[in-house]
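Report on one structure; see the data block that follows.
The values are calculated or read from the model by the stated rules, or taken from the named source; none is laboratory data. What you see is a predicted model; the values in this text were computed from it and never measured. Note: ideal-geometry Cβ built from the backbone for every residue, glycine included; neighbour counts use all protein chains shown. Side chains included, ligands, DNA and RNA excluded: accessible areas come from the protein's heavy atoms. Shrake-Rupley method; radii C 1.70, N 1.55, O 1.52, S 1.80 Å.
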Amino acid sequence: LQTISTLTLGQPFEVWKTRMGRHRTETTVGSFRHILHSGGVRAFYAGTGPKLVESATKGGVLLVAKDAIQESLKGAGVSSTTAGFVGGAGGGVAQTVVMGPCTYLVTAMVLGKEQSVWGIMRRTWASKGLLGFYPGGSAIAARQASNWASRVG
């Protein structure tokens, strides 16, 4: 379902939102027009590849990590509530491993001149290494941890 959402209206809205965040003086309609005039309807799907990877994997990463943490804690005698809370938080943090680089690549493709995922990846790796793919990674991890801890716990 996540990938279907991305392919329909999810990615166009992501592109639109990202542009509006960068160009805060543009109106909503002005931002829409700029994207449309810069590349037609296709411009609304910039970064779709990395977004599909994120959409297809982040749920699985969450579930595997959450269950592993939760079961380990229960086996150690921790209460179900605490294990659920910590497992949810840990699963949310694990999602950041997938979400950080994908979000970075989508943003770079929407806002940058380069339209090649591989070109962006090579340039980032050469200049900043692995950490270059995680700008704001701790903020994403904190958001995901609090989100899933409150839902699972």
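What the table below lists for this structure:
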quantity	calculated
Solvent accessible area, Å² - ILE4, 1.4 Å probe, full protein context	100
Most mobile listed residue (MET99, MET20, MET109) in the chain, GNM with C-alpha springs under 10 Å	MET20
Nitroxide proxy distance, nm - points 7 Å out along Cα→Cβ at SER146 and THR3	3.3
Lysines with Cα under 23 Å of LYS66, excluding same-chain neighbours fewer than 8 positions away	LYS51, LYS58, LYS74
Filtered trypsin sites (Lys or Arg not before Pro), segment 16-92: DSSP coil and at most 13 other beta carbons within 10 Å	ARG24
For segment 48-59, 3J(HN,Hα) per residue [Karplus equation, 6.51 cos²θ - 1.76 cosθ + 1.60, θ = phi - 60°, Hz, x = Gly/Pro]	5, x, x, 5, 5, 4, 4, 4, 7, 10, 5, x
Heavy-atom accessible surface of segment 37-92: percent carbon and sulfur, 1.4 Å	65
Label-to-label distance, nm, for residues given as VAL64 and ALA76 (7 Å Cα→Cβ offset)	2.1
Proximal aspartates and glutamates relative to LYS17, as straight alpha-carbon distance under 20 Å, when same-chain residues fewer than 8 apart are discounted	GLU26, GLU54, GLU114
Probe 1.4 Å, protein heavy atoms only - accessible area per residue of segment 24-111 in square angstrom	51
Options (i) 9.1; (ii) 10.1; (iii) 11.8 - which one matches mean projected area of the Cα convex hull in nm² as calculated here	(ii)
Part-to-part distance (alpha-carbon centres) for segment 77-135 and segment 3-75, which is given in Å	13
Two-site label geometry, LYS113 and GLU26: point separation in nm, points 7 Å out along Cα→Cβ	1.8
Heavy-atom SASA rank of TRP118, TRP16 (probe 1.4 Å, accessible area, largest first)	TRP118, TRP16
